[in-house]
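FYI, it's all coordinate maths here, none of it is from the lab. The model shown is predicted, which means the values in this text are computed figures rather than measured ones.
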Amino acid sequence: YTGKTGSELLTEKIKKFKVHEYQSVPIVVKENVSVYDAITTIFLEDVGTLFVVDDQAHLTGVLSRKDLLRASIGQKDLSAIPVHIIMTRMPNIAVCRKEDPLFEVAEILIDRQIDGVPVVKDKENGLEVVGRITKTTITKAFVELVTDTDQHF
Ligand code: ADP
C-alpha cells in the first residue's frame, strides 16, 4: 500500500500519458498550394488544421479553418493565392515532441488558444512533422481515463 490518495494516483497516471501514445496522422501541404486546394484538403481529410512544409519537408507554417475563411472573404480567385501568404509561420508555431507528456500539450492548447499542435522530430535544418495532437486527442484521453477498466490503478 503506497499511502497515496486516489487523486494523487490519478494525477500520476495522467502525467504518464505520452504524446506518442495518442498522436494521430498529420495532414501536410506544401507552401505553394493554393488556398482553394487547402480548403479542399481540409474537407477531404476531415481535419481542422493543416501543417505547411517546404520542399525539404520541414515545418514552415500552420493553417487553421479561420485562416482559410479570413483569406476567402472577398476573394474571387482562391486558386491564385498560395497558402504561405496567409499561414501562421515559424518560428511562432507551438510544437511538441513524442516523449512529451500529453498534459503539457493540453496546457499549450489552452495557453495559446489553438486547436492543435504538430508532433515534430528535430532534423539538422528544421523540424519534420510526424504527428498531430488536437483537442480531440485530449478529449479521447480524458474519456479513456474512465472507460479503460483494465488500466485502473
Ligand atoms: P481557428 O482559427 O480555426 O479557430 P485555431 O484556434 O487552431 O483555429 O487557430 C487560431 C490561430 O492560431 C490561427 O491563425 C492559426 O494559424 C494559429 N495556430 C494554429 N495552430 C497553431 C500552432 N500550433 N502554433 C501557432 N499558431 C497556431
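Would you please classify the overall shape of the range 1-89 from the alpha carbon gyration tensor, given that a ≥ b ≥ c denote the square roots of the eigenvalues, rounded means a/c under 1.5, and beyond that prolate means a/b larger than b/c while oblate covers the rest? Here the range 1-89 falls in the prolate category. Using Cα atoms only, what is the angle between the long axis of helix 102-112 and the major principal axis of the chain, expressed in degrees (0 to 90) to the nearest 10? The answer is roughly 50 degrees. If you build a Gaussian network model of the chain, linking Cα atoms that sit under 10 Å apart, which residue out of Thr60, Thr11, Thr136 swings the most? Among Thr60, Thr11, Thr136, the largest mean-square fluctuation in the Gaussian network model of the chain belongs to Thr11.
Counting only DSSP H runs of at least 4 residues, each contributing -39500 (n - 2.57), and dividing by the residue count of the chain, the helix-based mean residue ellipticity at 222 nm comes to -11000 deg cm²/dmol. Normalising the Debye intensity of the range 30-147 to I(0), with uniform scatterers on Cα atoms only, and taking log10 at q = 0.15, 0.22 Å⁻¹ returns -0.70, -1.28.
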